[in-house]
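What follows draws every value from the coordinates through simple rules; no lab data is involved. The structure displayed is predicted, hence computed values, not measured ones. With ideal geometry, Cβ positions are generated from the backbone for all residues, glycine too; neighbour counts draw on all protein chains shown.
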Amino acid sequence: MRTAAIVLGAVVLFAIYFIFLAGGVDYPDVEVRDLNKDELFRLTEKLLEESEAWPSQLEAEGVTVASSLEPYPVRTVRYSVDVETDLERAVEWVRNENYSGKERRHKKDKYEDTLYEKDGSTRPDEWVRRSVHLAPPPGGNRDAVVLYFEDRPDPKTYRIAFQSVETLDGKPWPEVEDAVRFKVLPSLYKVEEIAPGKVRIRKVEAVDPRGAMSKLMNNYVISFFFFRNYMFEQAQDMRAGLAAAGS
C-alpha cells in the first residue's frame with residue numbers, strides 16, 4: 001500500500017508538472033499603435049516561406065497541414081489550400097473570416113466582436129478583433145484579442161498579418177470573466193492566384209495560452225492534437241465552400 005501510494009503521488013506530481021509548470025512562456029505586452037505593419041508582414045512572410053519546408057502531416061484533396069516547433073517556443077501550424085475558384089471570391093471568404101464589423105458572430109459557445117478600427121478609414125484595413133470561446137468546466141473559457149493588418153501588394157495577392165495586442169493607448173482591454181487570455185504570435189493569411197481560375201490560400205499561425213499551460217502541454221497536446229486538427233478542418237471547409245461557390 002505504501003509503495004502504491006508513493007507511486008501514485010509521483011504520477012500526480014508529474015502530471016501537475018507536465019500540465020502546468022514545465023516551461024511556460026511569458027510574453028511582453030503589445031500596444032496597438034506601436035505595432036509596425038511592414039515589420040509584421042516581413043516577419044510573417046519569412047515564417048510562411050520557411051514553413052514550405054515542413055513535412056506534410058495531414059492531407060486531403062487540395063489541402064495539406066504541417067507544423068513545427070520553430071521559430072516560436074510553441075508549435076506553429078500551417079495549412080495550404082488549392083482550389084478552383086475566383087480570386088476575389090477567395091479574398092472575400094478570407095476577409096469575412098477575419099472581419100465583419102461590430103458584434104461579428106455570436107453563437108452559443110463563441111462570440112466575436114471588433115474592438116478597434118483604424119481612424120478615418122471608410123473600409124478598414126486595420127482592426128482589432130476579440131474572439132471568446134465558451135466552454136463548461138473543466139474546459140474553461142478562452143479569450144484572444146488580435147490586431148489585423150490587411151494588404152494587397154499586387155492584383156493577384158491578398159494577405160492579412162495578425163498578432164495579439166494587450167493595450168490601446170496604454171489601456172488594457174476589459175477582461176472576460178473566467179477566461180484564459182490566449183496569445184496569438186505573429187501569423188499570416190495569404191491568398192494568391194496561381195493560375196487563371198485557380199487560387200492557393202495559406203495560413204500559418206501559432207497560439208499560446210499565455211502560461212496557463214506548460215510548454216510541453218501546449219506543444220504536444222493542445223497544439224498538436226487540437227489546434228492542428230482544428231486548422232485542418234477549417235481548411236477543408238474553406239475548400240469545399242469555395243469549390244461549391246465556384247461550380
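Taking the stretch 53-91 only, how many residues are assigned to a strand (DSSP E or B), in contact (Cβ under 8 Å) with a residue 60 or more places away in the chain and either farther than 11 Å from Leu242 by Cβ or within 18 Å of the chain's Cα centre (by Cα) (or both)?
Step one: of the stretch 53-91, the residues assigned to a strand (DSSP E or B) are 58-60, 63-68, 76-84.
Within this subset, residues satisfying the condition of being in contact (Cβ under 8 Å) with a residue 60 or more places away in the chain are 58, 60, 63, 65, 67, 76-84.
Next, only the ones that are either farther than 11 Å from Leu242 by Cβ or within 18 Å of the chain's Cα centre (by Cα) (or both) stay: 58, 60, 63, 65, 67, 76-81.
Count: 11.
Give the residue that is farthest from Lys183 (Cα to Cα), with candidates limited to residues of the stretch 124-152 that are in contact with a strand residue (DSSP E or B) (Cβ under 7 Å, 6 or more places away or on another chain) and without any contact (Cβ under 8 Å) to a residue 24 or more places away in the chain. Spell out how you get there, then give the answer.
Our first condition is that a residue be in contact with a strand residue (DSSP E or B) (Cβ under 7 Å, 6 or more places away or on another chain); within the stretch 124-152, this holds for 124-135, 140-152.
Now drop any that are not without any contact (Cβ under 8 Å) to a residue 24 or more places away in the chain, which leaves 131, 152.
Working: Ser131: 12, Arg152: 26 Å.
In this case the residue turns out to be Arg152.
Within the set Asp178, Asp151, the sole residue that is out of contact with any His (no Cβ under 9 Å at 6 or more places or on another chain), of a type in the set (Asp, Glu) and either buried (at least 18 other Cβ atoms within 10 Å of the Cβ) or at negative phi (or both) turns out to be Asp151. Here the condition is being farther than 26 Å from Val199 by Cα and buried (at least 18 other Cβ atoms within 10 Å of the Cβ); of His133, His106, it holds for His133 alone. Of all residues in the stretch 32-81, those being surrounded by fewer than 16 Cβ atoms within 10 Å (Cβ to Cβ) and either over 16 Å from Asn229 (Cβ atoms) or not hydrophobic (A, V, I, L, M, F, W, C) (or both) number 20.
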